[in-house]
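The values are calculated or read from the model by the stated rules, or taken from the named source; none is laboratory data. Keep in mind that this is a model prediction, so the values were computed, not measured. So basically every Cβ, Gly included, is an ideal-geometry build from the backbone, and we count neighbours across all protein chains shown.
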């Protein structure tokens, strides 16, 4: 009972050990590690540290700063395993690029539009209303389909 | 002294742009930069550069490898100590590589790794107070591109600026060489390069091409590859 009240139901250790739960296990462990760390160091944090907590990220590796590629390559069938992996990578990169091209409104444009305070739906709705009103004025209301009348015998 | 992007920075110089950067997005401080409260100070000598989004780093020339978490390195197994292999990764200290950190390894089924083997591994732990730790699997237990490299290749070292140049996504060297020449290659962020081609001649030619790339502009890479290919044809 108390365990349930505490938070959402946790996955048992036995289940997490199973082979197909590897991804979930990784996620759960990461979260737990984060929580434990926060609890442990909470009293060591000064107010100044809390106020300026996440303006900077320290990244000591060039790999991320310059977006370097993996340094394991093979050409013309010297190492078929590596070449297969390279092909899969290229394919996924191409798919990503194509997806970006497909959308004619970029994510940034969309974000700008929404942040300007224009509800993208509201205009659409107004237009619809307008069209309906025009229709009403222009032509006679479409007569309702007459109810089925029972034949009199 | 205060410096801005594109200037040469010396250790101790204050980076001006970042302190006045008042956007809400996070600023990434790359290698060569340190934070002292609100002030960002350079800790290496080199050119201050700005990458994508708010990424700042110092582009410096360096030969001593300092391990960083998540980097791929080429190392040489030097010792078997109980459950771990000691691997020389050209850093100040040897790195540990557990025998369980290979694909499909278990207590009973040990991986076949000998002293003297060359491995391509990822740094899992790299902190200034601890021994670096390597792995040859990803978090899902797959080996991917990591693992032991075959013993009939050649290993040589180069500067980090060359490694960064040839691993840049814009650098056409490997693709161009790949059109002319069959080869298998592993480049570690620790400045070690392992290559294997069909013959000794070809292996040396590829190695020379990579070393020559250090002082070759990206636009001249094509002629460099052609020259290497021509040279190989003459020798045949």
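Give the residue that is nearest to the chain's Cα centre (by Cα), with candidates limited to residues of the range B:150-191 that are part of a strand (DSSP E or B) and within 10 Å of chain A (Cβ to nearest Cβ).
First, pick out the residues of the range B:150-191 that are part of a strand (DSSP E or B): B:154-157, B:183-187.
Checking the rest, the ones that are also within 10 Å of chain A (Cβ to nearest Cβ) come to B:183-187.
Values: B:183: 19, B:184: 16, B:185: 12, B:186: 9, B:187: 6 Å.
Filtering the range B:150-191 for residues that are part of a strand (DSSP E or B) and within 10 Å of chain A (Cβ to nearest Cβ), the one nearest to the chain's Cα centre (by Cα) comes out as B:187.
Considering only the range B:192-231, state which residues are facing chain A (nearest Cβ under 10 Å) and closer than 25 Å to residue B:60 by Cβ.
Those that are facing chain A (nearest Cβ under 10 Å) and closer than 25 Å to residue B:60 by Cβ: B:192, B:193, B:194.
Among the residues of the range B:124-155, what is the count of those that are touching a strand residue (DSSP E or B) at 6+ places or on another chain (Cβ under 6 Å) and closer than 30 Å to residue B:32 by Cα? Spell out the reasoning first.
Filtering the range B:124-155 down to residues touching a strand residue (DSSP E or B) at 6+ places or on another chain (Cβ under 6 Å) leaves B:124-125, B:131-136, B:145-146, B:148-149, B:153-155.
When the remaining residues are screened for being closer than 30 Å to residue B:32 by Cα, the result is B:124-125, B:131-136, B:145-146, B:155.
Number of matching residues: 11.
Which condition does residue B:116 not pass, out of (1) surrounded by 15 or more Cβ atoms within 10 Å (Cβ to Cβ); (2) away from chain A (no Cβ under 14 Å), if it passes all the others?
Going through the list (1) surrounded by 15 or more Cβ atoms within 10 Å (Cβ to Cβ); (2) away from chain A (no Cβ under 14 Å), residue B:116 breaks only (1).
Taking the condition of being assigned to a loop (DSSP other than H, G, I, E, B) and at pLDDT below 90, how many residues in the range B:45-59 meet it?
Initial filter on the range B:45-59 (assigned to a loop (DSSP other than H, G, I, E, B)): B:45, B:51-54.
Pick out the ones that are also at pLDDT below 90 and you get B:51-54.
The total comes to 4.
When you look at residue B:122, is it closer than 29 Å to residue B:207 by Cβ, part of a loop (DSSP other than H, G, I, E, B) and within 13 Å of another protein chain (Cβ to nearest Cβ), yes or no? Walk me through it before giving the result.
Numbers: closer than 29 Å to residue B:207 by Cβ: yes; part of a loop (DSSP other than H, G, I, E, B): no; within 13 Å of another protein chain (Cβ to nearest Cβ): yes.
Spelling it out, it is not the case that residue B:122 is closer than 29 Å to residue B:207 by Cβ, part of a loop (DSSP other than H, G, I, E, B) and within 13 Å of another protein chain (Cβ to nearest Cβ).
Yes or no: the range B:128-139 includes at least one residue that is surrounded by fewer than 17 Cβ atoms within 10 Å (Cβ to Cβ), closer than 20 Å to residue A:62 by Cβ and within 14 Å of chain A (Cβ to nearest Cβ).
Taking the range B:128-139 as the starting set, the residues that turn out to be surrounded by fewer than 17 Cβ atoms within 10 Å (Cβ to Cβ) are B:128-131, B:138-139.
Still in the list and also closer than 20 Å to residue A:62 by Cβ: B:128.
Add one more test, that the residue is within 14 Å of chain A (Cβ to nearest Cβ), and what stays is B:128.
For the range B:128-139, residues surrounded by fewer than 17 Cβ atoms within 10 Å (Cβ to Cβ), closer than 20 Å to residue A:62 by Cβ and within 14 Å of chain A (Cβ to nearest Cβ): present.
When the range B:192-207 is examined, which residues are found to be part of a helix (DSSP H, G or I) and surrounded by fewer than 17 Cβ atoms within 10 Å (Cβ to Cβ)? Walk me through how you get there before you give the answer.
Within the range B:192-207, the first condition is being part of a helix (DSSP H, G or I), and the residues that meet it are B:200-207.
Scanning the range B:192-207 gives B:200, B:201, B:204.
If a residue must be in a strand (DSSP E or B) and touching a residue at least 24 places away in the same chain (Cβ under 8 Å), how many such residues does the range B:23-44 contain?
At the first step, the residues of the range B:23-44 found to be in a strand (DSSP E or B) are B:27-29, B:33-36, B:39-42.
When the remaining residues are screened for being touching a residue at least 24 places away in the same chain (Cβ under 8 Å), the result is B:27-29, B:33, B:39-42.
Going through the range B:23-44 one residue at a time, the tally reaches 8.
Checking residue B:57 against (1) within 12 Å of chain A (Cβ to nearest Cβ); (2) in contact with a helix residue (DSSP H, G or I) (Cβ under 8 Å, 6 or more places away or on another chain); (3) surrounded by fewer than 18 Cβ atoms within 10 Å (Cβ to Cβ), which single condition isn't satisfied?
Failed condition: (3).
Would you mind finding the one in A:131, A:105, A:58 that is within 30 Å of residue B:65 (Cβ to Cβ) and either more than 14 Å from chain B (Cβ to nearest Cβ) or at pLDDT 65 or above (or both)? Give the derivation first.
Numbers: A:131 fails: within 30 Å of residue B:65 (Cβ to Cβ); A:105 fails: within 30 Å of residue B:65 (Cβ to Cβ).
Exactly one of A:131, A:105, A:58 is within 30 Å of residue B:65 (Cβ to Cβ) and either more than 14 Å from chain B (Cβ to nearest Cβ) or at pLDDT 65 or above (or both), namely A:58.
Looking at (1) at pLDDT below 80; (2) surrounded by fewer than 10 Cβ atoms within 10 Å (Cβ to Cβ), which is the only condition residue A:98 fails?
(1)
Given the criterion more than 10 Å from chain A (Cβ to nearest Cβ) and either within 16 Å of the chain's Cα centre (by Cα) or on the phi > 0 side of the Ramachandran plot (or both), identify the matching residue among B:104, B:96, B:30.
Details: B:96 fails: either within 16 Å of the chain's Cα centre (by Cα) or on the phi > 0 side of the Ramachandran plot (or both); B:30 fails: more than 10 Å from chain A (Cβ to nearest Cβ).
Testing whether each residue is more than 10 Å from chain A (Cβ to nearest Cβ) and either within 16 Å of the chain's Cα centre (by Cα) or on the phi > 0 side of the Ramachandran plot (or both) leaves just B:104.
Any chance you could count how many residues in the range B:68-90 are farther than 24 Å from residue B:154 by Cβ and touching a residue at least 40 places away in the same chain (Cβ under 8 Å)? Lay out the reasoning, then the answer.
So in the range B:68-90, the residues farther than 24 Å from residue B:154 by Cβ come out as B:68-70, B:80-84.
Next cut, touching a residue at least 40 places away in the same chain (Cβ under 8 Å) only: B:68-70.
The qualifying residues number 3.
Given the conditions (1) modelled with pLDDT of 90 or more; (2) within 18 Å of the chain's Cα centre (by Cα); (3) at the interface with chain A (Cβ under 10 Å from one of its Cβ atoms); (4) closer than 25 Å to residue B:102 by Cβ, which single one is not true for residue B:144?
(1)
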